[in-house]
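Working notes, beginning with the structure itself.
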Amino acid sequence: AIWPARQSHKYQNSQAQEQFLPPGNLPHEQLNAEEEEEQQSAPWLQDCVLSLSPCSDLLVIAREHKATFLSAKWRTEESGQEEMTLTVTWSGTLSADEGSSTGRPDWTCVVVGFSSGYVRFYTESGVLLLAQLLHEDPVLQLKCRTYEIPRHPGVTEQHEELSILYPAALVTIDGFSLFQSLRACRNQVARAAAAGSDVIQPPPLAYKKWGLQDMDKITDHSSIGITTLSVFDQMKNASMLGGFHASVKGSPPAMSQYITVGGGPYTGFYYAIEGSSQPLLSHVALAVASKLTSALFSAASGWLGWKSKNEEESVQKQKPKVEPATGLPVRFGLPDSRRHGESICLSPCNTMAGVTDDFGRVTLLDVARGIAIRMWKGYRDAQLGWVQVSEARGERDLATSPSMPRRHAQFLVIYAPRRGILEVWGTQHGPRVGAFTVGKHCRLLYAGHRLMGVNSVTSQGWQIHTQQVCLFDPVNGALRAVTIPFHLALSDKKSERAKDMHLLRRLTTLLRSREVDVLLDIKHPAIKKQALESLLSNKNAPVSCLTNVTRALLASLKEQDPEAVDESLLQFCSSQLKLLQLYTDVQLLLLLSIQPSFSGIEEDLARVGPVLQRYTEMNSRPCVSFAQDSSGPLPVRTFLSQLEWVNGELRVIKQPDTDWTQLGSFLFWGCLSGQSPLQRVCETLQESGISPQQLLSLLLSGWLNKEKDVLKYPDAVSHLGTLLSTLSSMKGAVDESWDGQSVSPWWQQVRTACVQSESSAAALLAALVAHRVAKNSITRLAESKFQEEWECVSMELEQWVVCIKQLEDVLALQTLLCLPSPQGSTGGAVTRCSVKTLLESGRGGVADCVSKLIFRQGMSPDVLRDILQRRGENDICVCVFVVLELLECVCQRFPNSLSPDVLFAHCSWENVVQWNKDPEEVATAYFFYALLSGVSAMMWQTFIVKRFSAAAFLMEKVGKAPKDRLCRRDVGMGDAAMRSFLGSSVQLLQALMEADSAVEEVSAPDVCVEEVWGGAEGPVSIVELALDQRSVHYPLVQHHCVLASLLHAAMTFSLRLKPLSLFDSKGKNAFFRDLSSIQLLPSGDMDHSLVAVRQEVSHNNGVKHSSTEDMWPSVCMELSSILQVNTDILRRHLVCELYNQGLDLRAEEVMMEVQDKDVLGSQLLVLTGQRLAFSLLHSQSQTKPNMELLARLPPTLCTWLKAMDPSELRCPSVPLSQSSRLINKVIEMLPENHDVLVHLFCRLNMSAMSHLCCLLVNKH
């Protein structure tokens, strides 16, 4: 067999650059873009070298410097169907020698070709047997030709041969000498391993090396074997080569034929005349032979261990000499300048060969005539294989013509990966007999040879192993064999009848066979054992049938000669029969029975009763179940697969993925539910030989995994107590030397199972029962030792007290976690917890579970604060909602783990984690409720600052509040969610500043847990991480808060501004840095141009929004001092804007805070003139009195009023009473140098007011 294998450790240093080379990849060819894309999407297995043994029992996968051996193993699926699976292990086959009686393969030799030119031989376990450098070029192909029984008289008998193809050379090694050398190497390695000595380097192999000439490139080859030409062909060749006067020998010479594919020519035929080249030996072998010519055993002395170690080391250090190749010209070929051959696959009968090329064609060659007889197109990158099928002969055919040879049919299997199809064609000119749709990344595996080491003598008792063609699918790992019935090779006229006869023979065979008879007729013990295993793993076989078959097989083995019986098969049958009997006995005990009662835990059950009842209600909701998961009787094959006999003791098989629930339920659930006699079941199990410790594990596994059924049976707790008492009284359960003052391994096993289980209620009930049983046992032990009335105190009982307290806490917590989530909420599935998971989750495990539930329930921070404040009060009101009641109960059980600081920290962290996953749906309610500044800083740095910076850069780019599409593209959320996010960011930064200001007044909280949970170890909690954080830099937080306020205001009021442009270079560089770092911030007076820009932004946006929103003016006032904008200017501007909008009362309130009254009076004087101009000149009701009033005004004042533009007023229609109040305010604020104008206004005011009042009176 041609196998890839891993490199031996002896050659790792000197030849570290060697690699396994896939066929056809040397030298590397240029691929087009389409092929490169397909290779990138193909599985990694496409780059590996795959090789399958002739018996299909060993698969080797190699890539670069690594290899994996996969051996075949039969298994039975759940449906009862048998299939072969490949597991990573060391096993293999090579043909048996003459002394073997079974005729079965013994072991596998793995032959490896490396890029350095080395060829190495390994065992199936990776042990190097032989290594030799044959040529200093990369090995392209390794192919083996094995012995074939001649089917017809006169056919030349072909000998075994190993051929190794290099880019310009072909090396052949005789199969018989190779087999003998490998067998001797394997024996010598085994002896060296047994004796603990070094392995002696064996002498090199004899080989022939041919230098293939007259071809530009060679990619693959086939060794046809020795052929002898007919007289006519001999004369024809002599005439063509030597001309008219050529001489012809009397007998045709024997020649070895080789066919190569590649380029220039496309296919080449080489013929090497036997005897033209002598086998080559390297100088190492010649040196060894010359030194041992006088020895009796010649070179065999080294094999017997007589060679010195120093001599061996000196030989290894010498570089092997590479012998030159003997030139071999091409005899003829198929010339095609543009076509390049890729691979060649020889048929089993050595008469035909399939060749693939780069044009997507598959060509069928006639090997003897050297011509192409058929061609298929449309098979790019095709992979080929051959299937030879023999005609089945019936009893009638054997009786009539026993010497008639059987007919054989050849089928060519073509796998086209580009089309994902597998086709089977009849040869030579037969039709397509089958087509299958398969994957596009499969590999067609065809060994092309049979077993090595077989000749005409040893083949008489050897059963032919068919060369199988297998298709390996890397997607699902399936290895499918191609099986073709013989009748498909017949003509269409006879195929239908032949198929019917084939089916009739198969049906007759099945009807005549009996399973017991077939099993007893099998001779080989390994096959018989495998057949029994297959029968026992059958899903539909009844237990009575299995018992009868096993008993019959055991009886037949006992009747045979004891020396001829395989001991392992005998023990296997005996053990399986005992297991079947145990299965039958347990099934027969499923009868109604009265169970003994167990008392003493009534007080404990009453104490935990309310929590158990609430837990049962939470877990009794309807749920989805599947029919295949229904709890039916345990199948007998599952029972047999989980138990085994080891040294006369019955043990339960321990595997990582083994579930003992079904086995434990099968053995003990009848007792727990009151349907089986408890004492008889325990006696039966004790007599079977199962240890009490494994029975206890099975009992606890069945109890803890059937929690819902346990809670339905009130008497199950009493039955569990009786079972525990009975098991603990068995011999070997509790150590006799246990005195009660130390921890018992028996009861520690119970506690370990309880603390690891996620079935909180079942674990608590089991712990309560086991505690009572252990306490009774300790009490009896103490009474036997101390006759006085002493109270029993032991380490064991203390362990139980702690365990029960932990289980009660976990039950309350699990009851809370089982609350159903509101419809449409996010946050994941219900969390299942146990004592072990809480201890391994660290000091923050409880708070983490509760915070996830609070988020899932959508509880507001205010409600949570009320619950935490009411905790510990005696007059706690009954909660209306179940969630509040259960949360209150859990907080009372975990006062330290669920303290307000800790719980709010975890809730804030969980909120920001879920918000980061879905910013659109998750609200930011807990963003600024983290009472610890370290948690807020971690939230900012981990989740918030990235989106915050994206929002700032986006707004700086567009210069205004961005639209929804831009927000989703750059920030990952819509405009509404972004507005809420920026507001929460402002509150988060403000909370950080407040926490930093009060850091000296408020002490850091202590991270502590309850006493029974003091052993918690695991990841560091959020609170512990927060306490380790460095304190924030207050000015930097304030700097970010200003930017956040600007961004939030811009999104809220749709402002037009570029937020980062309002800061200088120092301020811009300080943004989005770690809040605990010291950054260079703006200090002192700002640049006047920058202050002007900030003031202009405040004025422009204030004009637009001061009348409709109260928030923006207050925000401007808050930011003005930080932005170094004059607040008095902003207030004067706000007063003018309020009067402009007609909001005189609000303007008078703001006017009281203005410092510079003179400037404000001058600004309001213009606004007053605009109002009077509108009333007198631009009013729609310009009456005669108004004209008379204007006529009485001084020309200067009239001209000034006419120059006023009332259109600048947003609310020109203001009552005259408000304008009169405004005039009075202006008179109060104007300085003394405005006397003349003041008197004019007074006169105007008095006359206008009196006149307008008269008008109003007349109107009404």
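The values are calculated or read from the model by the stated rules, or taken from the named source; none is laboratory data. None of these values were measured; they are calculated from a predicted model. Using ideal geometry, Cβ is built from the backbone for each residue, glycine included, and neighbour counts are taken over all protein chains shown. We work out accessible area using only protein heavy atoms, side chains counted, and drop any ligands, DNA or RNA first. Shrake-Rupley method; radii C 1.70, N 1.55, O 1.52, S 1.80 Å.
Can you pull out the GluC sites (Glu not before Pro) in the stretch 157-233 that DSSP calls coil and that have at most 15 other Cβ atoms within 10 Å? Answer in residue order: GLU157. For SER997 and LEU1080, a Förster radius of 22 Å and the Cβ-Cβ distance give a FRET efficiency of 0.45, rounded to the nearest 0.05. Taking Cβ atoms as reference points and 13 Å as the exclusive limit, the residues near VAL469 contribute a net charge of +1, counting Lys and Arg as +1 and Asp and Glu as -1.
Rounded, prolate or oblate: which one fits the stretch 118-166, using the alpha carbon gyration tensor with axes a ≥ b ≥ c (rounded when a/c is under 1.5, else prolate when a/b beats b/c, else oblate)?
Oblate is the answer for the stretch 118-166, as a/c is 1.5 or above yet b/c matches or exceeds a/b.
Summing charges over all other residues whose Cβ lies under 9 Å from the Cβ of GLU1148, with Lys and Arg as +1 and Asp and Glu as -1, gives +1.
Note on LEU346: accessible area approximately 30 square angstrom, rounded to 10, probe 1.4 Å, nucleic acids and ligands left out. Between VAL199 and THR228, the contour length at 0.36 nm per residue exceeds the alpha carbon distance by 6.1 nm. Could you tell me which trypsin sites (Lys or Arg not before Pro) in the stretch 693-753 are loop residues by DSSP with no more than 11 other beta carbons within 10 angstrom of their beta carbon? Here the trypsin sites (Lys or Arg not before Pro) that fit, given the DSSP loop and packing criteria, are LYS731. Note on surface exposure: HIS1039, HIS524, HIS159 rank HIS159, HIS524, HIS1039 by accessible area, highest first, 1.4 Å probe. If you wrap the tightest convex hull around every Cα atom of the stretch 1037-1076 and split its volume per residue, you get 60 Å³. Computed from label points 7 Å out along Cα-Cβ, the spacing between LYS1157 and GLU559 is 13.2 nm. Inter-label distance, CYS1198 to PHE332: 13.2 nm, where each label sits 7 Å from its Cα along the C-beta direction.
Hand me the trypsin sites (Lys or Arg not before Pro) from the stretch 958-1066 located in a DSSP loop with no more than 16 other Cβ atoms within 10 Å, in residue order please. Taking the stretch 958-1066 and a limit of 16 other Cβ atoms within 10 Å, the loop trypsin sites (Lys or Arg not before Pro) found are LYS960, LYS963, ARG1030, ARG1056.
Counting 0.36 nm for each residue step from LYS1066 to ILE653 and taking away their Cα separation leaves a gain of 141.6 nm. Only protein heavy atoms count here; under a 1.4 Å probe, PHE666 has an accessible surface of about 30 Å². For the pair ILE371 and SER599 in one chain, pulling the backbone fully straight at 0.36 nm per residue adds 72.6 nm over the alpha carbon distance. Per-residue SASA remark: SER997, around 70 Å² accessible (1.4 Å probe; ligands, DNA and RNA not included). Note on exposure: HIS449, HIS135 ranked by accessible area (1.4 Å probe, complete protein assembly) read HIS135, HIS449, with the most exposed listed first. The listed residues ARG432, ARG1131, ARG361, once ranked by accessible area (1.4 Å probe) with the largest placed first, stand as ARG432, ARG361, ARG1131.
Net charge near SER744, counting Lys/Arg +1 and Asp/Glu -1 over other residues with Cβ under 9 Å of its Cβ? Charge balance in the 9 Å sphere: -2.
Taking R0 as 30 Å, what's the FRET efficiency between LEU966 and CYS1211 from their Cβ-Cβ distance, rounded to 0.05? Efficiency, rounded to the nearest 0.05: 0.25.
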